[in-house]
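Below is one structure, written out as structure tokens, with a few remarks after it.
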Amino acid sequence: HKRLRFIFEKGRPIHIAKLEGVDVVLVAAGLVRHEAEPSGRGTHLTLDLTESGRALVMARAAARRNAVAIHNSLASRLAHWLRSTRGCMTWEDATFARPVSQARDASLHWTTVRIDVFACAYTPTARIAKCETFEVKRSMSDFLSELKKPEKLMASRELAEASWFVTPAGMLDPAVVPEGFGLMVEASPGVFEVVKRPKRKKAFMPAPETLMALVYRRA
């Protein structure tokens, strides 16, 4: 699929010295066609998508857009529920940088991270803001993909007093949720229930960089 997308994005046939293994597979599948063209130095090959190859690329792109839309819709419903039931301030799809205070800690391997939903209480005092991060997962494959990114899990935990995974009801066994994380599910459209509570940090204080990111984005 990466090879098909590469050819598609060029918008024209691409020139190659020889057929690679992936090209042979794509030609055999009828997704790519190749032609030999004479040149001043002999003959070179060109690759172009067939109609089937172009249709597959477009179908994959549509599927990705649909998956993103489903994910973002779930995150938006969660943020609305947090505001309406808990009186929280919320931020969706916000990017945070690693706090400067942790920059020399070799055990932290993340620099920036994007959080699906970030929430905190309405309060002028950072110490009692009860900052929480929420990682929204719409499918098991989405969740398993997250487990392959330990630095993302680490960042989510470092940024807040408590961290959660949020999924559709019945998708996830609480036993597989990473240590320290809570689990919340959408029991019905726009209504969420706690299945497993997270481990909260005592006397947690959000870093100045985190607070400035929130001010910059606005709730």
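The values are calculated or read from the model by the stated rules, or taken from the named source; none is laboratory data. Remember, it's a predicted structure, so these values are computed and weren't measured experimentally. Here the Cβ is made from the backbone with ideal geometry for all residues, glycine too, and neighbour counts use every protein chain on show. Each accessible area value is taken on the protein alone, full model and side chains, heavy atoms only, with ligands, DNA and RNA left out. Shrake-Rupley method; radii C 1.70, N 1.55, O 1.52, S 1.80 Å.
Computed per residue of the chain from DSSP H runs no shorter than four, each worth -39500 (n - 2.57), the mean residue ellipticity at 222 nm is -12000 deg cm²/dmol. Of the GluC sites (Glu not before Pro) in segment 143-219, the ones in a loop by DSSP (not H, G, I, E or B) with at most 12 other beta carbons within 10 Å are GLU179. Using only the C-alpha atoms, the convex hull of segment 100-219 corresponds to 119 Å³ per residue.
Taking all protein chains together and rolling a 1.4 Å probe, ILE70 ends up with roughly 80 Å² accessible. Taking N as the residue count of the chain, its C-alpha radius of gyration divided by 2.2 N^0.38 Å amounts to 1.37.
Database remark: amide H of VAL32 closer than 5 angstrom to the amide H of VAL27, THR50 (H placed geometrically; neighbours at sequence offset of 5 or more, or on other chains; Pro and chain starts carry no H).
For TRP81, the accessible area of its heavy atoms, probed at 1.4 Å with every protein chain present, is near 40 square angstrom.
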